[in-house]
Amino acid sequence: MDGAVGAQPLLELTGATVRFGADAALDDVSFRMFPGEVHSLMGENGAGKSTLIKAITGVLALDAGTLRLEGREMSFATPQEAQRAGISTVYQEVELLPNLSVAENILLGREPRSRGVLSQRLMRARAGEVLRDLGLDVDPASLLGSHPVAVQQLVAIARAISTEVRVLVLDEPTSSLDLDEVAELFRIIRELRDRGVAILFVSHFLDQVYEICDRVTVLRDGKLVGEYLTRQLLRIDLVHKMLGRDASDFKTRHREAAEEPDAPVFLSARGVDAAPGIRGADVDLGEGEVLGVAGLLGSGRTELARALTGVSGLDAGVIRIEGQAVDLDSPRKAISLGVVYSSENRRSEGVLQDLSVLDNITLSVQAHRGVFRRIRPARQRELAQSWVEALGIRPADLDRPAGTLSGGNQQKVLLARLLALAPRVLVLDEPTRGVDVGAKVEIQNLVGELADNGLSVVFISAELEEVLRVGDRVAILREGRIVETLASADMTVDSLLALVASPDEQEG
Amino acid sequence: MSTTTTTPAVRVERASSPVESFLARHAAMIPSFAAVVILVLLLAGAEAFLRGDFITARNMSALLLDNAYLLILAVGMTFVILTAGIDLSVGSVMAFTGILGAQLLVSGIPVWIAVPAMLAGGAAIGLLIGVLVQYFNVQPFIASLAGLFLARGLAFVVSLSSIRVEEPGVLWLQQTRFRLGDWYLTPTGIIALLTVAVAVFVLHLTRFGRTIYAIGGNEQSARLMGLNVARTKVAAYVISGFCGGLAGLALTAYSGAGYPRNGIGTELDAIAAVVIGGTLLTGGRGYVLGSLIGVLVFGTIKTIISFMGAEQAWMQIIVGALLLLFIVVQRVIVARSERRR
Amino acid sequence: MTQIWKHRLFWPLAALITLIVVNSVARPRFLTITVRDGQLYGALIDILRNSAPLMLVALGMTIVIATRGIDLSVGAIMAVSGAVALTVIDGSNDPGNLGTVLVAVVVAVLVALVLGAWNGFLVAVLGIQPIIATLVLMLAGRGVALLITGGFITTVNSAPFSYIASGYLTVLPFAFFISVAAIAALALVERRTALGVLTEAVGINPEASRLAGVRSRGIVWGAYILSGVLAGVAGVIYASNIKAADANAAGLFIELYAILAVVLGGTSLAGGKFSIAGTVVGVLIIQTLGSTILFLGVPSAQSPVFFAVVVVVVVVVQSPRVRRALGSMTRRRPSTTAPDQERTKVAA
């Protein structure tokens, strides 16, 4: 299917740069797609995948660089313009209308009319054609909302291809589909490909990428890593390119405390099932131990963290703290048992943007004490000030709204809030994502110090090097299962990489 | 898209029984059916209780006549609520346009100017609300609140007391009876039913109407589909304001006078009727015909209460209770559809 | 030197002062306060006295709005509480007895508390949208009030009861002290407990607050209970003022004026940060504006036109579109004072 290479690209992006404030979300990236190919875009969170998609579908404007469609330079002000030019997108979240019929969802905006009046009959007939064309047996008159998400997804594709589509962007289309449904989707993708449509398939499931994609473009930290033919790229190399870092640069640094192997287990989880996707997870966390969690995006890293901290309930299994079975039914309950969680979504689930640094730091302690036992203002200030100093939060202004701080400092404010609770277990979900290098090292070192003082830490990161460096042991997650838990000392980045990527290296 | 050689995969299970297929197509109608059931129960109960004195041609004809103004308001409100908005101004708009028309007629302005002026007055207040909502990001609740204040104040600016209407053209709307046996229809009733008919046509058979539903379903998606969201949303409020003017005309004809205190709290009655008729306050789901049923339920309860000689206070309590019932039911429906996603 | 005009209370206060200045120029008697029998009288005193019901309702509304909610039922709750109080007094053998009046007031406020708890249940437990949840009581409440009074306007002649709205405590009207007590109590609760910051946290971001261990359900519920209780007291004052329970007129439109007062005071309808002081200023603006309109010879029935203009101006000025157009002029400065220091009470 790479026969098209050498011909003129259907879509070509050169030197594309998109900035949000001072940060470049996309930095001088070139990208091309040929007619009749399925192309994958790979990268971890924050690599710039969604920014690139937005840039080619008219959602975001380029700050620098050019977009060419069939050699003609284009710039789309709106998604509609991109659509008119033949670039359609199907998003991960179905962006259709559950309260309207399938036919309307496919055709609304360019619906057939007879004598100015919208004809439901014509509309159903035409939508029926499109659906049959895709081999879908769905009643066009039925409400979209009456179908499972998978069908809604396929209807979204039907809408996308009911126009003259030349480039079809599928953003994480399979994340909510089961195996049969994925097979159905792939059948459709292949058919479209054979008609000459260029398909951009974004997924974090490696198996699927290797099954359907002809070529793959890898992004990391907003930069282009490279473009490869899928069949020539070993799976482990792909993961390596996504996660970055050369094994040779890598220095492990283990703490003394890790040497004693028999630290008493503080928290243990057995057979934990949690929606969506965590199956039979066993976790043991010793006192003063840092347990790193490694896994690709979508492997269940976050879901595991949330199950351990009462944020989302367990479907099965039991969690014990110091041997006592506990029911972590809310974050509040978990906090009262000394288990605290820092979300990967710092802005939406962490720091309260409009509250001051002071209020943010003291919030959880105050909530834990209850409404009526207010911490005296002087004591609050003292408490917050001590954490601002201990963690080096900048600017050291307690009254500034936390939302005005940089990402790294917001993360520290969040850490201060949790540490002020004097917790026993700290679960950190990607605490160093979107944080500058200096703050990153500080946070890593902090975790080490905390563990030396007897705190148990679960440290989740997409960066394997970081997980190895910070963790005493590392739990490796793949597709919702903990496949292995090994001591960091026994691993190198390469061996960890192999475990994270896949057991079936022959597939690559 | 011409290759049609693929055989349909049977993977997607099509609704097998007619019932399932009907439900898949018309699930949103269920609350409206519930309203029909409630209406039938009310009528049957009253008939049994009053030993056959309730469902008479006279009573049933009066039901439409007495509630024509409310039906017109409910139709306009349905447009707004379908876009997930709300319009608190309609009761006051009805009072304002009613007194405005009466004042114009008393001042010797011909009826063919006075009536369009009433309708335009209502539409103008709707336009103000719509512009605030769409272009200044004001919550519909607050924007229509400003409309409520404005219309109510303007009603008193026009006149502080009621003005009798002698204009034969307006009174004709009320006094004329088109009879069929003991059944009758007044021109106000016909206007109200025509409003319903036009609304059904617009909502179901025009792109504008489908855009109203699309906005209520998901405004962002509607915009991505290339529908004209801004214009449609403003238009919904204009329609509601226009209906307020039309209701003002109907009420003026009904009471033979304009009165600036008319319609205090009527916006709540209209909202209640729409919700009882099965339209979700979260937008996107509901039917104008449901609102018709809602108004009939409302009117029937009122009639039953006056027949039983009970206090009118029960009216508010029963309507409040019905509203609560429907809200809780809707909440359950929404929660279920969210779980499915 | 910090820029005073960027303080969140600057514009509300400027509006209030402008109104007062315009009034004093137009009618010099506006500022005159006369002393009769050791009691103060005058236009300003009237404003303080008459604003009491709106003040109480607006204070409760502020807290509800801070949790991202709204309470439309306050007017109906006022009607119910007035009806309950009057019915208790009317039914007793000795309407003039202080004990009777106390019992009546306590019962009325307790009923209002139950109604507030009902609203809170619908919002915090069942998760119904606040506008819709409180709409139920807004509709049904007046019916309940009418049933309690039997459909009539119950009137009583009870000196202790009239005292609540019309009496004087030393030199100032008693109703004014009720307002002050409510403001002070709320300000004190703000300072002495963590309610203020936890309420703001829930209003700013419910999910982040949950993860931080905040008991948001209780806080939201409490806000509606508070709103109900304050509306109950307001209903008693209203009934005392007219010495009657009028189920149809009591608290009519007050929810709208209360929301307006909150918005005028600079609290965003989107929830989160709130300002008690701002609401106090907002109420005084509304009351002064009402007094001004009356003075201009405009019939009070027409005054809604003025308030409509105020609402439109305020929301348009606050809208993103206009803010963008005005650029940095109106952008809110990150506050440099701790929230509880801002919430000093304005004793007018």
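Report whether or not A:Ala55 is in the same structural domain as A:Thr230 (by TED's automatic domain parsing) and out of contact with any Leu (no Cβ under 6 Å at 6 or more places or on another chain). Show your work before the answer.
On the way: in the same structural domain as A:Thr230 (by TED's automatic domain parsing): yes; out of contact with any Leu (no Cβ under 6 Å at 6 or more places or on another chain): no.
No: the conditions fail for A:Ala55.
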* Could you tell me which numbered condition A:Leu131 fails, if it satisfies all but one of (1) more than 8 Å from chain B (Cβ to nearest Cβ); (2) not in a helix (DSSP H, G or I)? => (2)
* Structure fact -> How many residues of region A:325-339 are surrounded by 22 or more Cβ atoms within 10 Å (Cβ to Cβ), at the interface with chain C (Cβ under 9 Å from one of its Cβ atoms) and under 21 Å from A:Asp273 (Cβ atoms)? The answer is 2
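Of everything in region B:45-65 that's farther than 29 Å from B:Leu251 by Cα and part of a helix (DSSP H, G or I), which residue is modelled with the lowest pLDDT?
Filtering region B:45-65 for residues farther than 29 Å from B:Leu251 by Cα gives B:45, B:48-52.
Then keep just the ones that are part of a helix (DSSP H, G or I); that gives B:45, B:48-49.
Numbers: B:Gly45: 88, B:Ala48: 87, B:Phe49: 83.
Residue satisfying both the conditions and the ranking: B:Phe49.
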* **Residue among B:Gly278, B:Gly283, B:Gly265, B:Gly256 that is within 14 Å of chain A (Cβ to nearest Cβ), of a type outside the set (Asp, Glu) and surrounded by fewer than 24 Cβ atoms within 10 Å (Cβ to Cβ)** => B:Gly283
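Within the bounds of region C:296-318, is there any residue that is hydroxyl-bearing (Ser, Thr, Tyr), within 14 Å of B:Val157 (Cα to Cα), at the interface with chain B (Cβ under 8 Å from one of its Cβ atoms) and outside any helix (DSSP H, G or I)?
Taking region C:296-318 first, the residues hydroxyl-bearing (Ser, Thr, Tyr) are C:300, C:303.
Then drop every residue that is not within 14 Å of B:Val157 (Cα to Cα), which leaves C:300, C:303.
Now restrict to residues that are at the interface with chain B (Cβ under 8 Å from one of its Cβ atoms): C:303.
Still in the running and outside any helix (DSSP H, G or I): C:303.
Yes: one or more hits.
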* Looking at region A:117-126, is at least one residue touching a residue at least 24 places away in the same chain (Cβ under 8 Å), at the interface with chain B (Cβ under 8 Å from one of its Cβ atoms) and more than 14 Å from A:Glu95 (Cα to Cα)? -> no
* Take the residues in region A:249-271 that are at pLDDT 90 or above and among the aliphatic types (A, V, I, L, M), then tell me which one is surrounded by the fewest Cβ atoms within 10 Å (Cβ to Cβ). => A:Ala269
* Search result, residues across region C:248-278 that are of a type in the set (S, T, N, Q) and either closer than 16 Å to C:Val315 by Cα or in contact with an Asp or Glu (Cβ under 8 Å, 6 or more places away or on another chain) (or both) -> C:Thr267, C:Ser268, C:Ser275
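Quick grid of which residues meet (1) touching a strand residue (DSSP E or B) at 6+ places or on another chain (Cβ under 9 Å); (2) in contact (Cβ under 8 Å) with a residue 24 or more places away in the chain; (3) within 24 Å of B:Met60 (Cβ to Cβ):
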site: B:Gly265; (1), (2), (3): no, yes, no
site: B:Ala272; (1), (2), (3): no, yes, yes
site: B:Ile276; (1), (2), (3): no, yes, yes
site: B:Val332; (1), (2), (3): no, no, no
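Taking region C:113-155 on its own, how many of its residues are part of a helix (DSSP H, G or I), more than 24 Å from the chain's Cα centre (by Cα) and facing chain B (nearest Cβ under 7 Å)?
Going residue by residue through region C:113-155, those that are part of a helix (DSSP H, G or I) are C:113-125, C:130-148.
Among the residues that remain, those that are also more than 24 Å from the chain's Cα centre (by Cα) are: C:125, C:147-148.
Remaining after also requiring facing chain B (nearest Cβ under 7 Å): C:147.
The number of residues fulfilling the criteria is 1.
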* Please specify each residue of region C:11-52 satisfying the condition of being without any contact (Cβ under 8 Å) to a residue 60 or more places away in the chain, surrounded by fewer than 17 Cβ atoms within 10 Å (Cβ to Cβ) and part of a helix (DSSP H, G or I). => C:Ala14, C:Ile17, C:Thr18, C:Val21, C:Ser24, C:Val25, C:Pro28, C:Arg29, C:Leu31
* To do: Please go through region A:477-486 and pick out each residue that is of a type outside the set (Ser, Thr, Tyr) and surrounded by fewer than 22 Cβ atoms within 10 Å (Cβ to Cβ).
  => A:Arg478, A:Glu479, A:Gly480, A:Arg481, A:Val483, A:Glu484, A:Leu486
* Asked: Of the residues A:Val458, A:Val435, which is at pLDDT 90 or above, under 27 Å from A:Ser386 (Cα atoms) and not small (Gly, Ala, Ser)?
  -> A:Val458
* **Every pair of residues 6+ apart whose Cβ atoms lie under 6 Å, when the first sits in region A:386-409 and is under 18 Å from A:Asp354 (Cα atoms) while the second is among the acidic types (Asp, Glu) and part of a loop (DSSP other than H, G, I, E, B)** => A:Pro401/A:Asp354; A:Gly408/A:Asp436
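Among the residues of region C:207-214, is any on the phi > 0 side of the Ramachandran plot and either at pLDDT 90 or above or within 8 Å of chain A (Cβ to nearest Cβ) (or both)? Working first, answer last.
Taking region C:207-214 and keeping what is on the phi > 0 side of the Ramachandran plot, we get C:213.
Narrowing the set further to residues that are either at pLDDT 90 or above or within 8 Å of chain A (Cβ to nearest Cβ) (or both) leaves C:213.
Looking for residues that are on the phi > 0 side of the Ramachandran plot and either at pLDDT 90 or above or within 8 Å of chain A (Cβ to nearest Cβ) (or both), one finds at least one in region C:207-214, hence yes.
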* Is there a residue in region A:382-394 that is modelled with pLDDT under 90, buried (at least 24 other Cβ atoms within 10 Å of the Cβ) and not assigned by TED's automatic domain parsing to the domain that holds A:Ser461? -> yes
* Restricting the search to region B:115-137, which residues are closer than 17 Å to B:Val170 by Cβ and over 24 Å from the mean Cα position of the chain (by Cα)? -> none
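In region C:193-206, which residues are over 21 Å from C:Met55 (Cβ atoms) and either more than 7 Å from chain A (Cβ to nearest Cβ) or assigned to a helix (DSSP H, G or I) (or both)? Talk me through it step by step, then tell me what you get.
Within region C:193-206, the subset over 21 Å from C:Met55 (Cβ atoms) is C:193-194, C:197-198, C:200-206.
Matches in region C:193-206: C:Val197, C:Leu198, C:Glu200, C:Ala201, C:Val202, C:Gly203, C:Ile204, C:Pro206.
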* What are the residues in region B:238-286 that are assigned to a loop (DSSP other than H, G, I, E, B) and of a type in the set (Ser, Thr, Tyr), if any? -> B:Tyr259, B:Thr279, B:Thr282
* Checking A:Leu100 against (1) more than 11 Å from chain B (Cβ to nearest Cβ); (2) touching a Phe, Trp or Tyr at 6+ places or on another chain (Cβ under 8 Å), which test does it fail? -> (1)
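Which members of region B:129-147 meet the condition of being closer than 16 Å to C:Tyr257 by Cβ and more than 7 Å from chain C (Cβ to nearest Cβ)? Don't jump to the end; show me each part of the working.
Going through region B:129-147, the residues closer than 16 Å to C:Tyr257 by Cβ turn out to be B:141-142, B:144-147.
Across region B:129-147, the qualifying residues are B:Ser144, B:Gly147.
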* Asked: Does A:Ser488 fit the bill of being polar (S, T, N, Q) and closer than 25 Å to A:Gly298 by Cα?
  -> yes
* Asked: Within region A:343-354, can you find the residues that are buried (at least 24 other Cβ atoms within 10 Å of the Cβ) and either more than 7 Å from chain C (Cβ to nearest Cβ) or of a type in the set (A, V, I, L, M, F, W, C) (or both)?
  -> A:Val351, A:Leu352
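Just to check your reading of the model, which residue among B:Ser107, B:Ser89, B:Ser61 is within 19 Å of the chain's Cα centre (by Cα) and small (Gly, Ala, Ser)? Before you say what the answer is, go through the steps one by one.
Working: B:Ser107 fails: within 19 Å of the chain's Cα centre (by Cα); B:Ser61 fails: within 19 Å of the chain's Cα centre (by Cα).
Checking each option against the conditions leaves just B:Ser89.
Taking helices (runs of 4 or more DSSP H) that do not extend beyond region A:137-233, which have at least 2 residues that are surrounded by fewer than 19 Cβ atoms within 10 Å (Cβ to Cβ) and within 14 Å of chain B (Cβ to nearest Cβ)? Can you show your working first?
Numbers: elements: A:149-161, A:179-194, A:206-212.
Of the helices (runs of 4 or more DSSP H) lying wholly inside region A:137-233, those with at least 2 residues that are surrounded by fewer than 19 Cβ atoms within 10 Å (Cβ to Cβ) and within 14 Å of chain B (Cβ to nearest Cβ) span A:179-194.
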* To do: Select from region A:355-392 the residues that are facing chain C (nearest Cβ under 8 Å) and of a type in the set (A, V, I, L, M, F, W, C) and write down the one among them that is nearest to A:Lys440 (Cα to Cα).
  => A:Leu358
* To do: Go through B:Ala155, B:Ala102 for me and flag whichever is touching a strand residue (DSSP E or B) at 6+ places or on another chain (Cβ under 7 Å), surrounded by 24 or more Cβ atoms within 10 Å (Cβ to Cβ) and part of a helix (DSSP H, G or I).
  => B:Ala102
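The values are calculated or read from the model by the stated rules, or taken from the named source; none is laboratory data. Remember, it's a predicted structure, so these values are computed and weren't measured experimentally. Quick reminder, even Gly has a Cβ in these numbers, built from the backbone with ideal geometry, and neighbours come from all protein chains shown.
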